[in-house]
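The values are calculated or read from the model by the stated rules, or taken from the named source; none is laboratory data. Since this is a predicted model, take the numbers as computed values, not measurements. Note that each Cβ is placed from the backbone with ideal geometry, even for glycine, and that neighbours are counted across all protein chains shown. These area figures cover heavy atoms from the full protein model, side chains too; ligands, DNA and RNA do not enter into them. Shrake-Rupley method; radii C 1.70, N 1.55, O 1.52, S 1.80 Å.
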Amino acid sequence: MTSVQQVVADAHRREWATVLAATVRVTRDLDLAEECVQDAYAAALDAWTRGGVPARPGAWLTVAARHNALDALRRAATFRSKLHLLVEPAAADLDLPADPPVHDDRLRLVFLCCHPALATEAQVALTLRLVCGVTTPDIAKAFLVSETTMAARITRAKKKIAAARIPFRMPAPGEVPGRLDAVLTTIHLLFTTGHTAPAGPALTRNDIAERALDLARMLRDLMPDEREVQGLLALLVANHARRATRTTTGGRLLPLEEQDRSLWDQEAIAEAHGLVLGALRGGTPGRFALQAAIAALHATAPTYGDTDWEQILVVYDALLEAWPSPVVALNRAVAIAMVSGPATALAEVEALEQDPRLAGYRYLPAIKADLLRRLGRNAAAAAAYEQAITLAGTEAERAFLAGRLTETLRRG
C-alpha cells in the first residue's frame, strides 16, 4: 500500500461518518449520498497522488462529496424540488467546512437511522453501516446472520426511510425516548465491534471504539440528566481504559488475570466510576447502568484476586432481570464460577446450550472449555476448545484458544 493509499484508508476510518452526514444534508437520499462519498474517496486517491495530500483531508472529501451530490441532483433535474427539504442548507460557496459543533451531523444521522419506523435490529445495522462505516460482513457477524441477510436488511431499511420521507434532523424532545434505546444499543455495539473485532488479525480496532466513545460523549452533552446515557458512557470508558493491556506488543491475547493493571488508564476509570454513581441514583437502574457497574467493579479492583465477584454476581442478577438475554446469562455463569465453583457454572452453561439464540455464539464453547479444563475434564475441554477455535473471529483469539487446547491435551 502506497503512502497516499494509506492516507485515504485512514481518512475513510476517521472521516467517513462526517463526510456522509454532510452529504446527506444535501441529497436527502442515503443511497445517493453513499455513492457521492464513495466517488469522492476514489477521486481523492487520484488527486492526492498527483497534487499531494491536503492539510484537511476530511474537509477536502466533504467538499468533493457535496459537489458530486449537487451535480447528481442537477443531472436528475430534482435540485429545485429538494431545496425546500434542506433543514440547514450548505453554504453557497462550499468553502471548507468549519469544525462541527458538539451535536454535529453524525449524531443527526444516528437518530435518522434509529427512527421508530424501523425495526430495532435494522436501526442498529443501518447506523453501523452508514454512520460508522462498518462493513456489511462485520455487521452480519455481530448479528450472527449471513452477509446476504444483513445486506437485504440494510437495503430495506434505507428504502423505508426514503419512502417515509423521514427528515434529517435531531428529533424533537418528545420524540427522543422512542429512539434512545436504539441509539444507545447502536453506540454500544459499535464500541463492541472495536473493543473486540468480529474478524481480522488484531483483537481490537481502537479507531472504531473511539468513534463510539465520541458519539457517546456527544449524546451525554445533549442529554446530561439521562441516566442510561451516563451508564453507556461509563461502560465504554471503563472498558476502553484497559485497551493498552489486552494484548502483548506481539498481539497475543491476555486474559483479565494476566493484564498489567498499572498500565490501565486510571483517570478514565475514575471518570467511569463517577458516571456509574450518577447512573445508579434515582430509581431502578437500566441495563447500561448495570453493565457499567460490573465494568467498574472489574476496573477498580487493585488485583484480579481482589475482584468482588459476589457483588458482580448480585449486579448480574439485577441485569438479567432488567434485560433477560442469553448472553447476559452466559456472562453471569462466569461470575457463578468464581463464587460457587466451575461445576455449578457448567450446569448453567449446558442449559444455555439449548437456547437457539446462542447457536453459533463464539464465546459459549470457549467459556464451557475453560470450565471443563478447571474441572480436570480434559478430553471434553479439548473438544470444546476445538469448537471455539472454529468460531473465533480474530487471529488473536484463535491463537489464544489454540494455546489453551495444547495445554489441555498435554494434561490429558
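Mind listing the phi-derived Karplus ³J(HN,Hα) values for the range 376-382, rounded to whole Hz, using 6.51, -1.76 and 1.60 with θ = phi - 60°, and x for any glycine or proline?
Coupling constants for the range 376-382: x, 8, 5, 5, 5, 5, 4 Hz.
For helix 363-374, report the angle its Cα long axis makes with the longest principal axis of the Cα atoms of the chain; keep it between 0 and 90° and round to the nearest 10°.
With both axes taken from Cα atoms, the answer is about 20 degrees.
From the helices alone, meaning DSSP H stretches of at least four residues, give me the mean residue ellipticity at 222 nm for the chain, per-run term -39500 (n - 2.57), in deg cm²/dmol to the nearest 500.
Helix-only estimate at 222 nm: -22000 deg cm²/dmol.
Convert each backbone phi in the range 388-393 into a coupling constant with the Karplus relation 6.51 cos²θ - 1.76 cosθ + 1.60 (shift: θ = phi - 60°), then list the ³J(HN,Hα) values in order as whole Hz, x for Gly and Pro.
Once θ is set to phi - 60°, the couplings for the range 388-393 become 4, 4, 5, 9, 4, x Hz.
Solvent-accessible area of residue 67, probe 1.4 Å, all protein chains present, reported in Å² to the nearest ten, please.
90
Run through the range 279-364 and list the trypsin sites (Lys or Arg not before Pro) located in a DSSP loop whose Cβ has at most 14 other Cβ atoms within 10 Å.
281
So what J values fall out for the range 159-173 if you push phi through Karplus, 6.51 cos²θ - 1.76 cosθ + 1.60 with θ = phi - 60°, rounded to Hz, Gly and Pro as x?
5, 5, 4, 5, 5, 7, 6, 5, x, 8, 7, 5, x, 5, x
Counting other Cβ atoms within 10 Å of each Cβ, which trypsin sites (Lys or Arg not before Pro) in the range 186-258 have at most 14 and sit in a DSSP loop? Could you put the intermediate results ahead of the total?
Values: sites: 205, 211, 217, 220, 227, 242, 243, 246, 252; in loops: 205, 242, 246, 252.
Loop-located and lightly packed - 252.
Mind listing the long-range amide H neighbours of residue 200? Cut-off is under 5 Å, sequence gap 5 or more, other chains count too, H placed in the peptide plane at 1.01 Å from N.
395
Give, in nm to one decimal, the length gained when the segment between residue 340 and residue 252 is fully stretched (0.36 nm per residue of separation minus the Cα-Cα distance).
Gain in length upon complete extension: 28.7 nm.
Modelling each spin label as a point 7 Å along the Cα-to-Cβ direction, I'd like the residue 271/residue 304 distance in nm, to one decimal.
2.7
Please compute the per residue accessible area over the range 267-364 with all protein chains in place, 1.4 Å probe, rounded to a whole number of Å².
That works out to 46 Å² for each residue.
Amide H neighbours of residue 259 under 5 Å, counting only residues 5+ apart in sequence or on other chains, H built in-plane at 1.01 Å?
none
Just to verify a number: what accessible area does residue 404 come out at with the full protein assembly present, 1.4 Å probe, Å² rounded to tens?
40
Would you mind checking which residues have amide H under 5 Å from residue 247's amide H? H placed 1.01 Å from N; only 5 or more apart, or other chain.
Correct list: 254.
Taking the Cα centre as origin and putting +1 on Lys and Arg beta-carbons and -1 on Asp and Glu beta-carbons, what dipole magnitude results for the chain, to the nearest 20 debye?
Dipole about the Cα centre, nearest 20: 920 debye.
Considering only protein heavy atoms, what is the solvent-accessible area of residue 136 at a probe of 1.4 Å, reported in Å² to the nearest 10?
Accessible surface of residue 136 is approximately 30 Å².
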